[in-house]
Amino acid sequence: MSASHAGGLIIRQEEPRNLEFPFDRLDSYLTPVESFYIRSHLHAPMIEADSYRLTVDGAVKNPSAITLNWLKSLPAKTIVATLECAGNSRVFLVPQKPGAQWELGAVGNAEWTGVPLATLLDQAGLNANAREVVLEGADRGLPAELPRPPEPINYSRSIPLDKALDDVLLAYAMNGVDLPQDHGFPVRAIVPGHYGMASVKWLIHIRVLEEQFQGYWQTIDYGFWDEVGGIPVRRPLSQVAVKSEIARPRTFEVLPKGQPFTVYGAAWCGTGDVVSVELTTDGGQTWAAAKFLDPIRAHAWRRWSYDWEIPGHPGRFTLKSRARNAAGESQPEKFDERYFSYVVNYTLPIEVVVQ
Ligand code: MTE
């Protein structure tokens, strides 16, 4: 197995394709298409633009099946949104948890162009009891993890109706070019502020439901343990928790003592803007403010930097960054076990060697 793919991505799984962006290469606000991580549960379907149909049905008055040309003829919108896989940074968990051992790069920031989902839902005419919108991809198969359904299923996720009507985009372009096959050609959903699993690729079916959707990737996978009155209950993951990551230095990078070094990274959050990033270079005893390199933009990351004077004596040093959002939520110090192997947003230690 080769170590990397054409865009320099790290191979976590060859087929279905799961490729990671080497986060220490972060150097642009928009992640180039060829460097954007790929997370696919099933084999990527090949869809011809000419025969593509997007079905809208369920609890609606006017079900329809629309073509790509028709979708592209509707008023378009372009947004910048960060997509982070809920399992990003899983490799930091001790003891190790099952699943792809993503480091820091199952995240990217891109410009997405498409049609608001609200436009299609308006045209379809929602029934009064409509409550959720299921987005279904063309990829079909048996999930890798137990308990599996008895028959192959399509990848699907639902979103609450208020979110569906708010800012979900049916995107056909990424950074100004047609969506590449691995990112969902010809149409995918972009659900801003939610973990990547919600942004269904190869979207072929929009189904409006009057009841709660209980699909595989809604309950068995991509769920977490919340609680109601002290009783644990299973809920689907949704909004991205506040997080920052250090791109440079890399873990175990060897740095020359007594030299200046610019620590560099990015921070993002699904709800509310990231308003501060702090850095510690002494394992958490003291924290100092980093400076932002990008302005606030809803649902998009902000890169940041911090000018560090590397200590004049050799040793091992632990760097951590900590972001805070406008609501005052900060990254926790420890992993929250309710998420089992997802939402790894605690302040991640990056150990470096000074000599
Ligand atoms: N959509 C379909 N149809 N099939 C998938 O396997 N993976 C989801 C989501 N949409 C997936 C999907 C997950 S878990 C993530 S993190 C994002 O797509 C990744 O999008 P990307 O591969 O374009 O980075």
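The values are calculated or read from the model by the stated rules, or taken from the named source; none is laboratory data. Here the structure is a predicted model, which means the values were calculated and not measured. So basically every Cβ, Gly included, is an ideal-geometry build from the backbone, and we count neighbours across all protein chains shown.
Taking region 212-226 as the range and being within 14 Å of the ligand (Cβ to nearest atom) and among the hydroxyl-bearing types (Ser, Thr, Tyr) as the test, the residues that pass are TYR216, TYR222. When the residues of region 152-167 are filtered to those that are within 13 Å of the ligand (Cβ to nearest atom) and aliphatic (A, V, I, L, M), the one that is surrounded by the fewest Cβ atoms within 10 Å (Cβ to Cβ) is ILE153. Looking only at residues in region 82-99 that are touching a residue at least 60 places away in the same chain (Cβ under 8 Å) and not in a loop (DSSP other than H, G, I, E, B), the one that is surrounded by the fewest Cβ atoms within 10 Å (Cβ to Cβ) is PHE92.
Matching residues to (1) among the hydrophobic types (A, V, I, L, M, F, W, C); (2) within 30 Å of LEU120 (Cβ to Cβ); (3) modelled with pLDDT of 95 or more:
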| position | (1), (2), (3) |
| --- | --- |
| VAL191 | yes, yes, yes |
| VAL200 | yes, yes, yes |
| TYR216 | no, yes, yes |
| GLY229 | no, no, yes |
| VAL233 | yes, no, yes |
| PRO249 | no, no, yes |
| GLU253 | no, no, yes |
| TRP268 | yes, yes, yes |
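Take GLN259 and tell me if it is modelled with pLDDT of 95 or more, surrounded by fewer than 17 Cβ atoms within 10 Å (Cβ to Cβ) and in the same structural domain as PHE335 (by TED's automatic domain parsing). Criteria met by GLN259. Within region 227-254, the residues that satisfy the criterion of being among the acidic types (Asp, Glu) and either within 30 Å of ILE310 (Cα to Cα) or within 16 Å of the ligand (Cβ to nearest atom) (or both) are GLU245, GLU253.
On the given criteria, is SER28 without any contact (Cβ under 8 Å) to a residue 60 or more places away in the chain and either more than 22 Å from VAL274 (Cβ to Cβ) or not small (Gly, Ala, Ser) (or both)?
Values: without any contact (Cβ under 8 Å) to a residue 60 or more places away in the chain: yes; either more than 22 Å from VAL274 (Cβ to Cβ) or not small (Gly, Ala, Ser) (or both): no.
When the stated conditions are applied, SER28 does not pass them.
Okay, residues lined up against (1) surrounded by fewer than 19 Cβ atoms within 10 Å (Cβ to Cβ); (2) within 16 Å of the ligand (Cβ to nearest atom); (3) part of a loop (DSSP other than H, G, I, E, B):
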| residue | (1), (2), (3) |
| --- | --- |
| GLU15 | yes, yes, yes |
| ASP24 | yes, no, no |
| SER28 | yes, no, yes |
| HIS43 | yes, yes, yes |
| GLU48 | yes, no, yes |
| VAL56 | no, no, no |
| ASN69 | yes, no, no |
| LYS72 | yes, no, no |
| VAL80 | yes, yes, no |
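For the structure I just gave you, tell me whether VAL134 is over 20 Å from PRO180 (Cβ atoms), hydrophobic (A, V, I, L, M, F, W, C), more than 10 Å from the ligand (Cβ to nearest atom) and part of a strand (DSSP E or B). When the stated conditions are applied, VAL134 passes them.
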